[in-house]
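Below is one structure, written out as C-alpha cells; the observations come after it.
The values are calculated or read from the model by the stated rules, or taken from the named source; none is laboratory data. Since the model is a prediction, treat every value here as computed from it, not as a measurement. Glycine also receives a Cβ, built like all others from the backbone with ideal geometry; neighbour counts cover every protein chain displayed. Side chains included, ligands, DNA and RNA excluded: accessible areas come from the protein's heavy atoms. Shrake-Rupley method; radii C 1.70, N 1.55, O 1.52, S 1.80 Å.
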Amino acid sequence: MAQSDVKKNQDEMLLRMTSAPVGGLITRMAIPTIVSMMITAIYNMADTFFVSQLGTSASGAVGINFSIMTIIQALGFTIGMGSGSLTSRALGAKDYEKANRYCSSAIVFTFVTGIILGATGLIFQKPLVTMLGATPTIQPYAEDYARYILTGVPFMCTTFVMNNQLRFQGKAMLSMVGLTCGGILNIALDPLFIFVFKLGISGAAIATLLSQCVSFSLLLSVFLRKKSVAELSFSHVSFQAKTYARILKNGLPSLFRQGMATFATILLNVAAGRYGDAAVAGMSITNRVFMFLMSIAIGIGQGFQPVCGINFGARRLDRVREAFFFMVKATFSVMTAFGVLFVIFAPQIVAAFRNDPDVISVGSLAMRCQCASLPLHAILFGTNMMLQTTGEAKAATFLSSLRQGLYFIPLILILPHIIGITGVQITQAISDLLTSATSVPFAIGFFRKMKRMEEKSL
C-alpha cells in the first residue's frame with residue numbers, strides 16, 4: 001500500500017469515528033469483539049468439557065492451568081491495552097508517527113518478553129503448578145497441560161497485543177477473523193487429539209497451542225499486508241525507555257485486572273481444594289462458564305473503547321459521554337437477560353461439563369450467586385475501560401485492583417473459615433457488588449472533569 005493510500009485510510013477512519021452515530025459505531029465494533037471473545041470462551045469451555053471426560057482430577061488440572069493462562073493474558077492485555085489506548089488517542093490527534101511507534105514497539109517488545117517468560121515457566125514447571133494450587137492427584141495432569149501452554153507464551157501474548165491494537169484502531173472485524181479461526185480450530189482439534197490420537201490432557205494443550213499459533217499468524221498478516229491503520233515496522237520500534245514506560249503506565253489497569261485475576265484464581269483453587277477435587281472442578285467449571293458470559297460485557301466495553309479513545313484524542317468530549325451511557329445501558333440489558341437464564345439452568349449447565357453430583361452441587365450455587373451480580377458489570381467494566389482509555393491510569397488501576405484483589409482476597413481468606421465452602425461460592429458475587437458501588441463516584445468525578453475541560457475550551 002502506497003504512503004498516500006495509508007494516509008487516506010487514516011483520514012477516513014478518523015472522520016468515521018468522530019462523526020458517525022456512536023450507537024452504531026459501538027455496535028459495529030462490539031459485535032466482532034463479542035464474537036471473537038465468545039469463541040475464545042467457547043474453546044476454553046471446550047477444553048474443560050473434553051478434559052472433564054477424563055476424570056475429576058483432569059478437570060481440576062484445567063482450572064489450575066487457567067492461572068497460567070491468566071498470567072499470559074495479563075502480559076498481553078497490559079501491553080495491548082496500554083499501547084492501544086495511546087495509539088487511538090494519537091490517531092484522534094492525527095499524530096500518525098506516534099501511533100506507528102506505539103504499535104510497532106508494543107508488538108516487538110511483547111514477543112521478546114514472551115520468550116523469556118515461557119522459558120522461565122518451563123524451567124520451573126513442577127513447583128509452578130504446585131504453587132498454583134494443584135493437589136497431588138491433580139499435579140500430573142496439570143504438568144502435562146502446562147508444558148505446551150508455556151511453550152506457546154510468546155505467540156499467545158503477542159496475539160493479545162495485536163488483537164487489542166486492531167480493536168483500538170477501529171479494525172475489530174479483522175481482529176475477529178484472526179481470533180475466531182484459531183478458536184474454531186481448537187474446538188475441532190480437542191476431541192481429535194484427546195480421544196482419537198489418545199493424547200489425553202496433553203492433546204487439549206497441544207490443540208490450544210496450535211490454535212494460538214494460527215491466530216498469531218493471521219493477525220500478524222494483517223499488519224504485514226498494511227491493512228491496519230497504524231503501521232508495524234522495525235523502523236518504528238522505539239529504543240527510548242519512556243515509550244515503554246508510557247505503554248506500561250497506561251496498561252497498569254489491565255495488569256492489575258489480569259494479575260489480580262491470576263492471584264484470585266490461585267487463592268480460589270487453594271480454598272476449594274480443602275473440600276476435595278470435586279470442589280476445585282465445580283469452581284473451575286463455573287469460572288469457565290463466566291468467562292463466556294463476561295466476554296459479552298467486556299466485548300461491548302471494548303467496542304466502546306476505540307470510539308472513546310479516538311474522540312477523546314480529537315476532543316469530541318460530547319461523543320465520549322454519549323458513547324459511555326449507550327455502552328452502560330446496552331451491557332446492563334444483555335447481562336440481566338443472561339443472568340436470569342443461567343440462574344434457572346445452572347445445574348444442567350454444570351452437569352453438561354461433569355455429571356458428578358458433588359461437582360454439580362458446588363458449581364450450581366456458585367453460578368447462581370455470580371449471576372446475581374452480572375448486571376453490575378455494566379458500570380464495573382464500563383467505568384474502568386473509560387478511565388483507562390482516556391489516560392486516567394491511577395484511577396483505572398485502583399478500580400482494577402478491587403474486583404479480584406482488594407475486595408476479593410480478604411473475602412476468600414475469611415469467608416470459608418466462617419461459613420465453609422459457601423464462602424468460596426459467594427466470594428466473587430460479593431466482590432462484584434462492592435466494586436460496582438465503588439465505581440460510581442469515579443465515573444461521576446470523570447464526567448465533572450470533562451465538563452471543566454469543555455468549559456475551558458469555550
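Sorting the segments 20-26, 451-457, 428-434, 74-80 by their mean number of nearby beta carbons within 10 angstrom, highest to lowest, gives 74-80, 428-434, 20-26, 451-457. Listed by chain and number, the lysines whose C-alpha is less than 20 Å from the C-alpha of Lys171, apart from same-chain residues fewer than 8 away, are Lys7, Lys8, Lys94, Lys98, Lys226, Lys227. Protein heavy-atom accessible surface, 1.4 Å probe, per residue over the chain: 37 Å².
Most tightly packed first, judged by the mean number of other beta-carbon atoms within 10 Å of their residues, the peptides 349-355, 9-15 read 349-355, 9-15. Cα extents for the stretch 210-276 along the principal axes, largest to smallest and rounded to whole angstrom: 54, 33, 18. Computed on the stretch 168-290, with alpha-carbon pairs under 8 angstrom and 6+ residues apart, the relative contact order is 19 percent. Share of carbon and sulfur in the accessible area of the stretch 175-307 stands at 73%, probe radius 1.4 Å. Residues Val153, Val35, Val328, ordered by accessible area of protein heavy atoms at a 1.4 angstrom probe radius and largest first, appear as Val35, Val328, Val153.
Two numbers describe the Cα atoms of the stretch 41-165: Rg and Dmax, which are 17.3, 57 Å.
Legend: Rg and Dmax of the stretch 346-458, from Cα coordinates, 18.3, 65 Å. Normalised by the number of residues in the chain, the average gap of Cα pairs under 8 Å and 6 or more apart makes the relative contact order 24 percent.
Apply the Debye scattering formula to the stretch 86-224, with a single equal point scatterer on each alpha-carbon and no solvent, then give log10 I(q)/I(0) at q = 0.20 Å⁻¹. Debye output, listed in q order: -1.13. A Förster distance of 51 Å, applied to the separation of the beta-carbon atoms of Leu341 and Phe239, puts the FRET efficiency at 0.50.
Within the accessible surface of the stretch 26-76, defined with a 1.4 Å probe on protein heavy atoms only, the carbon and sulfur portion equals 76 percent.
Surface composition of the stretch 97-153: carbon plus sulfur atoms contribute 72% of the solvent-accessible area (1.4 Å probe, protein chains only, all chains present). For Kirkwood radius over Cα pairs in Å, the candidate list reads [x] 22.1; [y] 22.7; [z] 23.7; the entry that matches the value derived from this model is [x]. Alpha-carbon geometry of the stretch 78-145: the Rg and the Dmax are 18.7, 57 Å, given in that order. Coordinate range of the alpha-carbon atoms in the stretch 147-210 per principal axis, descending: 43, 21, 10 Å. Taking a straight line from the alpha carbon of Lys449, these aspartates and glutamates sit under 13 Å away, with near neighbours fewer than eight places off in the same chain left out: Asp318, Glu392.
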